[in-house]
Amino acid sequence: MDRKTLERLLEIGEQLSRTRSLQPLLHYTMEVAIDLVGAECGYLVWLNDDGSFTYKVCIDQNGQHIPTPDEQISHTILQDVIQQKSPLVVYDAMSDPGLQNSQSVTDLKLRSVLCVPLISKGEALGGFYVENRSQSNLFTEDDIQPLEFLASQVTAAIENALLNEDLERRIANRTAELEQALQKVEQSLEDALELDRMRTTFFAMVAHDIRAPLTTIIFALNLLREEIWANC
């Protein structure tokens, strides 16, 4: 690996380690990978927990998005790299004995393919896949090292982004739970205040009802007392 290539890789690694806007940098990383090895297109594929794939980046040599990426790669090659957790250089897929029965290789007329796994803690989390359909024997073993470096940096960046997303989701959920709990407390407080008002009103009414007959009785007693004194 020459000095210029190494400097480019290190620069990308530094940017990936501190970026918060991951997708544009992943796109740029794939552009660099395509340029370094002379590929026609490249795919950054993430393996989901259910075994399906998410295509983080899928672009051609002009940086244009490739539609329906799931139909544009060899799943045989990608699955083999992920399962074996090791890079694979295919010099001419059309004439490779191990790929002659692969329908995707035949349909896509694949030639040069290079794929390296995205590895974290000993587990394969996806693949860094580049290809060239117009030229055989394009990629060599020397091309593996720079792509492995990019793959390792990309894997760490994606994992960090997923962790940040999970953390933000947990914070949002916890905030929502706290807001709901606060609303319940506020409602309970309002209910308690309303109950206190009802009690005050009730006792006021009772006191009024009690005072009313007492006033009548006292008034009657006073009249009776006056009548008694008048007859004495």
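For the range 3-171, the relative contact order works out to 23 percent when only alpha carbon pairs closer than 8 Å and six or more residues apart are counted.
Take the Cα of ASN101, step 7 Å toward its Cβ, do the same at THR140, and the gap between the two points is 3.3 nm. Can you figure out the FRET efficiency of SER120 with THR175, using R₀ = 25 Å and their beta-carbon distance, to the nearest 0.05? Rounded to the nearest 0.05, the efficiency is 0.25. Each of ASP35 and SER52 was given a label point 7 Å from its Cα along the Cα-to-Cβ line. The distance between the two points is 3.4 nm.
When its C-alpha radius of gyration is set against 2.2 N^0.38 Å (N residues), the range 8-157 gives a value of 0.96.
The length gained on full extension between LYS85 and LEU167, counted as 0.36 nm times the residue separation minus their Cα-Cα distance, comes to 26.6 nm. Of all aspartates and glutamates in the structure, the ones whose alpha carbon falls short of 17 Å from that of LYS184, not counting any fewer than 8 places away in one chain, are GLU194.
A cut-off under 14 angstrom between Cβ atoms defines the neighbours of SER104, and their net charge, with Lys, Arg +1 and Asp, Glu -1, is -3.
Extension gain, ASP196 to GLU14, is 59.1 nm, computed as 0.36 nm per intervening residue step minus the present C-alpha separation.
Every number here is computed from the coordinates shown, using simple stated rules; none is lab data. None of the values given here were measured: they were computed from a predicted structure. Here the Cβ is made from the backbone with ideal geometry for all residues, glycine too, and neighbour counts use every protein chain on show.
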